[in-house]
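Written out below as structure tokens is the structure these notes cover.
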Amino acid sequence: MAATINAIRTAVLNDGIAIPIIGFGAGTKWSNRTNSTELNRPLIESVNNATKLGYNHLDGAEVYGTETELGQAIQESGLSRDKLFVTTKVIVNIADIGKAIDESLKKLKLDYVDLYLIHSPFFAKDDAELQAAWASMEKVKASGKARSIGVSNFLQSHLETILKTATVIPSVNQIELHPYLQHGNLLPFHESKGIKTVSYGPLTPLLRAPGGPVDPLLSQLATKYAVSESEILLRWTIDRGAVAITTSSKESRLTNYLRALTFELTPKEVEEISELGQQKHYRAFWTDKFAADDRS
């Protein structure tokens with residue numbers, strides 16, 4: 001089984017960088033926006049547990065206020081830098097991305113991150129501001145402070161805006177993705193441009209919107225593959241061609257999530273989950289930016 005996991009563990013981005021297809025997220029669940037200087041030991045221990053289990057893809061952001069804990073956990077892990085894939089994002093200090101990456105690296109205790117993302121496009125007042133931010137991201141990549149650069153929460157229109165002036169195509173777009181939010185034609189657009197889809201909130205149908213139309217099929221497939229419904233959702237995400245970011249404070253759940261690497265859904269099963277998911281719409285994040293029925 002280990003050989004199978006190793007064979008599918010990474011995907012290659014459009015710049016040749018390999019990204020692990022499941023990541024541990026130090027995201028909104030762990031968010032610390034109080035400017036407290038006290039370290040969040042539960043988060044550090046959870047990251048430590050994750051790395052011990054084999055999660056070498058760690059996903060954070062400046063706005064979460066957890067970069068310091070991620071940096072501490074990376075130090076405590078004892079893992080060499082080349083064994084880790086570290087992502088962080090910029091939005092708070094978007095007006096000075098050069099300064100923002102330096103501050104993030106200081107908190108992370110790193111010389112570079114593997115992936116640096118613009119956290120959201122909604123800061124920009126116009127196309128020029130969005131394009132200028134992306135030009136600054138390209139400078140970060142050129143400096144070596146980020147091996148790869150990308151975006152998060154971008155719609156197709158935002159991507160088209162930065163692609164008009166970009167010299168580097170974003171390597172990823174990290175979006176909320178699950179059966180109840182499939183984003184219409186966005187994923188095919190990503191594929192056409194060589195942009196990798198990264199999913200956050202992949203377990204939303206179970207954790208935030210239970211009782212929906214996919215539940216019976218998830219249960220049936222969980223029985224078939226001898227895993228949990230959560231692993232079926234993670235596998236659906238991966239089989240749709242995306243990288244999955246998930247999290248938990250429970251070591252047992254993190255262990256179980258890795259079972260998503262031990263099997264594949266059939267194309268028919270992937271399609272059945274997708275079709276059932278279209279019967280319900282649920283967006284867990286950025287709800288203030290979209291109409292209630294907006295599926296973009």
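Rule-based calculations on the coordinates, nothing more; no lab input. Please read these numbers as outputs of a predicted model, since none were measured by experiment. Cβ: placed from backbone, ideal geometry, glycine included. Neighbour counts: every protein chain shown.
Rounded to two decimals, the Cα radius of gyration of the range 219-266 over 2.2 N^0.38 Å is 1.07.
Pairs of alpha-carbon atoms within less than 8 angstrom and 6+ residues apart define the contacts here; what relative contact order does the range 18-87 have, in percent? Numbers along the way, then the final one.
Working: 90 pairs, mean separation 29.9, N = 70.
Rounded, it is 43 percent for the range 18-87.
Using label points projected 7 Å from each Cα along Cα→Cβ, tell me how many nm separate Lys106 and Glu76, to one decimal. Calculated label separation equals 2.3 nm. For Val113, the amide hydrogen comes within under 5 Å of the amide hydrogens of Ala146, Arg147, counting only partners 5 or more places away or on other chains and with H modelled in the peptide plane.
Between amide H atoms placed 1.01 Å from N, distances below 5 Å from Ser152 occur with Ile118, Ser120, Gln174, all of them 5 or more places distant or on a separate chain. The range 35-83 and the range 276-296 have Cα centres separated by 31 Å. As a length-normalised measure over Cα pairs under 8 Å and 6 or more apart, the relative contact order of the chain settles at 18 percent. Set the Förster radius R0 to 35 Å, insert the Cβ-Cβ distance between Asp96 and Glu191 as r into 1/(1 + (r/R0)^6), and round the FRET efficiency to 0.05. Calculated transfer efficiency: 0.60. Normalising the average separation of contacting C-alpha pairs (under 8 angstrom, six or more residues apart) by the number of residues puts the relative contact order of the range 84-127 at 52 percent. In the chain, helical runs assigned H by DSSP with n ≥ 4 each contribute -39500 (n - 2.57); averaged across all residues and rounded to the nearest 500, the mean residue ellipticity at 222 nm is -12000 deg cm²/dmol. For Ala132, project a label point 7 Å along Cα to C-beta. Then give me every residue of the range 61-103 with its amide nitrogen under 15 Å of that point. In the range 61-103, the label zone of Ala132 (backbone N under 15 Å from the point 7 Å along Cα→Cβ) covers 93-99. Since only Val140, Phe123, Val47 are under comparison, the one whose Cα sits farthest along the positive direction of the charge dipole of the chain, derived from C-beta charges on Lys, Arg, Asp and Glu, is Val47.
Given N residues in the range 4-158, what is Rg(Cα) / (2.2 N^0.38 Å)?
1.03
Calculated on the alpha-carbon coordinates, the convex hull of the range 103-206 measures out at 114 cubic angstrom per residue. Scaled against the 2.2 N^0.38 Å expected of a compact globular protein of N residues, the Cα radius of gyration of the range 255-296 reads 1.62. Label separation (Thr167 vs Ser296): 3.1 nm, computed from points 7 Å beyond Cα along the C-beta direction. Proximity of backbone amide H atoms, modeled 1.01 Å from N, is registered between Val243 and Thr197, Val198, Ser199 at under 5 Å, excluding neighbours fewer than 5 places apart on the same chain.
Checking (1) 130; (2) 138; (3) 150 against the coordinates, the calculated volume of the Cα convex hull per residue in Å³ falls under label (1).
Pairs exceeding a 32 Å alpha-carbon distance, out of Lys125/Lys196; Lys268/Lys289; Lys99/Lys250: Lys268/Lys289; Lys99/Lys250. Assuming R0 = 35 Å, what is the FRET efficiency of Ala284 and Lys83, from their Cβ-Cβ distance, to the nearest 0.05? In this case the efficiency is close to 0.65.
The three principal axes of the Cα atoms in the range 31-123 give end-to-end lengths of 37, 28, 20 Å, sorted in falling order.
With the charge dipole of the chain set up from +1 on Lys and Arg Cβ and -1 on Asp and Glu Cβ about the Cα centre, the Cα lying farthest toward the positive end among the listed residues Gln156, Ser248, Pro179 is that of Ser248.
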